[in-house]
Amino acid sequence: MSVSTPPWAIVLDSASSLPVYMQVAQGLEQRIHSGDLRRGSALPAERELAASLRVSRVTVRQALALLAQQGLLTRKHGSGTFVTPPSAEERPSRPLGLLSSFSDDVRSRGQVPGARVLSFELARPSPQEAMSLALAPGEQVYRVRRLRTSDGEALAVEYSTLPAALVGELRREDVTDASLYALLGGRGLQPVRAIRHLRAVSADHGLAELLGIAPGAALLATERVSWTQGGRPVEYARAHYRGDRYDFVMELHGDGA
């Protein structure tokens, strides 16, 4: 499929005995299963889709109704038609009490993690970074911003700050499609303790474009400081996770009273 071809593009066979609405439904179903039409993404309006496929709006309406019956599409009055988001069982999840990497979380779901570097620099720390990592203002940090993916689908934007003197030389390629925790573990700096803050925010235009979601969509924002076994702060991290594709799970226990 070329870059300019929309993900809902379908080749229809005028000589086929299969009704046109069935051809449209099957074509969209194939696009959904192939990942061209991403889970949770919006379809164009019926009028636009009919014009694109050169069929009637009635045909499009019949095809969408069939896919909705099959649970592949969700139709929301006043909002449009969406590819049905994954169920809670299908979403990557992160136990709040378990210190694990994004890569480990994704692999535990049988999926392939990815990390595309958006920016990478060696710089002086900001006041917040210096305070979180117990650094003097004159020290240096590696600052990494990455788009995290699962089977190629964008799930999160992560910002990691690492003390340069502690982690040693770091290159852009070291953190591309790689687990940062695995890299730190290989240098004897495996994080063993962390404090994480979690809150709900709305996606601004920049994050929405990177994550393939609508501006204003729900995100889970986290802020975390991680320490090594020796008590050294090794990472100050912030992240924005897609609220429709990522869950944080917490196990709670009573006090027995």
task: Only residues in the stretch 4-20 that are open to solvent by less than 80 Å² (accessible area, probe 1.4 Å) count as the first member; pair them with residues that are modelled with pLDDT of 75 or more and of a type in the set (Val, Ile, Thr), Cβ under 9 angstrom, at least 6 apart or cross-chain, and list the lot.
output: ILE10/VAL24; LEU12/VAL20; LEU12/VAL24; LEU12/VAL55; PRO19/THR59; VAL20/VAL55; VAL20/THR59
message: Taking the conditions exactly as written (modelled with pLDDT under 85, open to solvent by less than 60 Å² (accessible area, probe 1.4 Å), within 26 Å of SER150 (Cα to Cα) and within 27 Å of the chain's Cα centre (by Cα)), does PRO86 satisfy them or not?
response: yes
- prompt: Taking interchain pairs and intrachain pairs at least six residues apart, which have beta carbon atoms under 7 angstrom, with the first residue in the stretch 142-156 and touching a residue at least 12 places away in the same chain (Cβ under 8 Å) and of a type in the set (Val, Ile, Thr) and the second in a strand (DSSP E or B) and open to solvent by less than 20 Å² (accessible area, probe 1.4 Å)?
  reply: VAL144/VAL117; VAL144/SER160; THR149/GLY114; THR149/LEU155
query: Taking SER52, is it in contact (Cβ under 8 Å) with a residue 40 or more places away in the chain and touching a Gly at 6+ places or on another chain (Cβ under 8 Å)?
result: no
field: Candidates ARG172, ARG145, filtered to the one that is of a type in the set (D, E, K, R) and touching a Ser or Thr at 6+ places or on another chain (Cβ under 7 Å)
entry: ARG145
- request: Collect the residues in the stretch 34-49 that are among the basic types (Lys, Arg) and surrounded by 13 or more Cβ atoms within 10 Å (Cβ to Cβ), keeping them in residue-number order.
  value: ARG38, ARG39
message: So ILE213 passes all but one of these: (1) touching a residue at least 40 places away in the same chain (Cβ under 8 Å); (2) outside any loop (DSSP other than H, G, I, E, B). Which condition number does it fail?
response: (2)
field: Residue ID - most open to solvent (accessible area, probe 1.4 Å), chosen from residues in the stretch 123-145 that are modelled with pLDDT of 95 or more and in contact with a Leu (Cβ under 7 Å, 6 or more places away or on another chain)
entry: GLN140
message: Looking at the stretch 155-206 only, could you name the residues that are surrounded by fewer than 19 Cβ atoms within 10 Å (Cβ to Cβ) and closer than 17 Å to ALA218 by Cα?
response: HIS197, LEU198, ARG199, ALA200, VAL201, SER202, ASP204, HIS205, GLY206
query: Do you know which residues across the stretch 21-33 are open to solvent by 60 Å² or more (accessible area, probe 1.4 Å) and either of a type in the set (S, T, N, Q) or farther than 15 Å from THR81 by Cβ (or both)?
result: GLN26, GLN30, HIS33
- line: LEU198 fails exactly one of (1) within 18 Å of ALA156 (Cβ to Cβ); (2) without any contact (Cβ under 8 Å) to a residue 60 or more places away in the chain; (3) in a strand (DSSP E or B), namely (2)
query: Scanning for something assigned to a strand (DSSP E or B), open to solvent by 20 Å² or more (accessible area, probe 1.4 Å) and in contact with a Ser or Thr (Cβ under 7 Å, 6 or more places away or on another chain), does the stretch 60-80 turn up at least one residue?
result: yes
- prompt: Restricting the first residue to the stretch 216-227 and requiring it to be closer than 13 Å to HIS240 by Cβ, which pairs with a second residue that is of a type in the set (A, V, I, L, M) meet a Cβ separation below 6 Å and a spacing of at least six or different chains?
  reply: ALA217/ALA203; LEU219/VAL201; LEU219/ALA203; ALA221/VAL201; THR222/LEU198; THR222/ALA239; ARG224/ALA194; ARG224/ALA237
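The values are calculated or read from the model by the stated rules, or taken from the named source; none is laboratory data. Keep in mind the model is a prediction, meaning the values are calculated, not measured. Neighbour counts run over all protein chains shown; Cβ positions are idealised from the backbone, glycine included. Protein only, heavy atoms only, side chains kept; ligands, DNA and RNA dropped before computing areas. Shrake-Rupley method; radii C 1.70, N 1.55, O 1.52, S 1.80 Å.
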